[in-house]
1. Dipole size in debye (nearest 20) for the range 130-206 around its Cα centre, Lys and Arg Cβ +1, Asp and Glu Cβ -1?
2. If you count, for each residue, the other Cβ atoms within 10 Å and average over each peptide, how do 282-291, 295-304 line up from highest to lowest?
3. Determine the gain in length on full extension of the stretch SER340-GLN208; use 0.36 nm per residue of separation and subtract their C-alpha separation, reporting nm with one decimal.
4. For GLU279 and LYS264 in the same chain, what is the full-extension length gain: residue separation times 0.36 nm, less their Cα-Cα distance, in nm?
5. Show me 229-240, 315-326, 148-159 ranked by packing, highest mean number of other Cβ atoms within 10 Å first.
6. Compute the distance in nm between two label points, each set 7 Å from the Cα along the Cα-to-Cβ direction, one at GLN127 and one at ILE186.
7. Using Cα pairs under 8 angstrom and six or more residues apart, how large is the relative contact order of the range 210-336, in percent?
8. Output the pairs from LYS60/LYS161; LYS264/LYS287; LYS60/LYS214; LYS77/LYS276; LYS214/LYS276; LYS60/LYS264 with a Cα-Cα distance over 28 Å in this structure; if there are none, say none.
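Only the coordinates and a few stated rules stand behind these numbers; no lab work does. Values in this document were obtained by computation on a predicted structure and should not be read as measured data. Backbone-built Cβ (ideal geometry, glycine too); neighbour counts: all protein chains shown.
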Amino acid sequence: MESLVTDSLYRIQAVSKLTGVPPATLRAWERRYGFPSPERTESSYRLYSNTQVRLIKQLKALCQQGLAPSEAVKLLKNDKTRDEHRSSLEQAASVTNHKHPHNKSNLSTVQSSGVSTTSVPTIDYEQFTDLRNNLMGAIHRFDPILLEHYTRSALLQGSAKLIFDHIFAPVLIQIGQEWHDGILSIAQEHLATEVIGNAIRDLLRFVQPDRSAKQILLACVSGELHLLPLYGSAFHFIQWGYRVTVLGVNTPPEALKQSVLRLKPDAIGLSITCPKSFEGTREQLPKYIQACKGIPLIVGGYGVAQVSDLLENQDLIIAYGSPQDVKALFEARVARGTVS
Ligand code: B12
């Protein structure tokens, strides 16, 4: 679960300020659950990394959502084990045809540094290694026909969710890493996400339940252009029996409000990956919450940790942790229905 960015180290008081968790609670969690377990200076001061700060925020949020600290810790530790498992599998798979001397990427690390609801692998990852390699190869070659060809092959590999979780999502994350490392150009990244994005959109159409299913309205916050993570979340909701209506990127609170009034969804999902300005998102969050009119709201995405302090005391679900746990929290909230 370690981040790729060089971790800064914080003393306990700083962590307390950043997370709103008192130092005594941080020490108690460490004593009782061994989590998080900071490094120590020579004079025995605790030093927490960025990753640990993020995990503490998640732990706090889970506790506020009703989980006992011991359960919340278990959940976060499970995520870590799963990520390490995925890491070793993915490293073995090495998702590229080309040997890049600068490619430090580790799919699971990048994936896990966001708030992910990707499911526990129950299938053999290795079986998709060639396909992912081929997709990355076509992207490196900037060959649209080959890319289309392998993207179509991917569509034949199994259920929509399996294809998304085990082929498209890891490739998208690899693309992000290689773009970040200067290996892929913006043009290569755009072409790849266009072709893969179209396939994902098609997949979604095919797997939607019928009109009798509950409906969830999905949108990205203002200034948010990352649509594919929102689509990724849609596969979870479909698997949980929901019909998804996707409003898409860059949805202002007013547009959400109008859609809610018109469509009367059973639930609403908001996605935050890396919007134009997190400050802007923070300012608008109360308006989004109001726009939901008491209908169950779930907020997720790689960037949600950046605004989690504003979400924590609200009647909404923050999508931290494993899909099973998020599902349980979400269903419990949906069962309460609309609240005035
Ligand atoms: C494609 C892409 C783009 C495309 C988006 C195209 C599209 N139609 O989506 C474009 C070119 C627009 C883009 C732009 C930018 N991007 Co970009 N992008 C990506 C990339 C490569 C893939 C995104 C993706 O589809 N991921 C796959 C899914 C599966 O990821 P996921 O987040 O894990 O999604 C799951 C969960 O988050 C969760 N989830 C998500 N939403 C929700 C909602 C709910 C309700 C729930 C329950 C769950 C949930 O479920 C999903 C499925 O399991 C990522 C790399 C990456 N690591 O993701 C970078 C990445 C997200 N981008 C990044 C950046 C920096 C940018 C830009 C700022 C670049 C720039 N300088 O302009 C802009 C910002 C634009 C904006 N204002 O939004 C960074 C973000 C870094 C950070 N720490 O915040 C990343 C991580 C790349 C990197 N490695 O640096 N990007």
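1. Values: 6 positive and 9 negative charges, 56 e Å.
Once rounded to the nearest 20, the dipole reads 260 debye.
2. Numbers: 282-291: 16.8, 295-304: 23.3.
Ranking the peptides 282-291, 295-304 by packing returns 295-304, 282-291.
3. Working: separation 132, 0.36 × 132 = 47.52 nm, distance 2.97 nm.
Taking SER340 through GLN208 to full extension adds about 44.5 nm, to one decimal.
4. Values: separation 15, 0.36 × 15 = 5.40 nm, distance 2.92 nm.
Full-extension gain reported as 2.5 nm.
5. Values: 229-240: 22.7, 315-326: 21.1, 148-159: 15.8.
My ranking of the peptides, most packed first, is 229-240, 315-326, 148-159.
6. In this crude label model, GLN127 to ILE186 measures out at 4.0 nm.
7. Values: 209 pairs, mean separation 32.3, N = 127.
So the answer I get is 25 percent.
8. Working: LYS60/LYS161 30 Å; LYS264/LYS287 18 Å; LYS60/LYS214 30 Å; LYS77/LYS276 32 Å; LYS214/LYS276 32 Å; LYS60/LYS264 32 Å.
LYS60/LYS161; LYS60/LYS214; LYS77/LYS276; LYS214/LYS276; LYS60/LYS264, as the Cα separations exceed 28 Å there.
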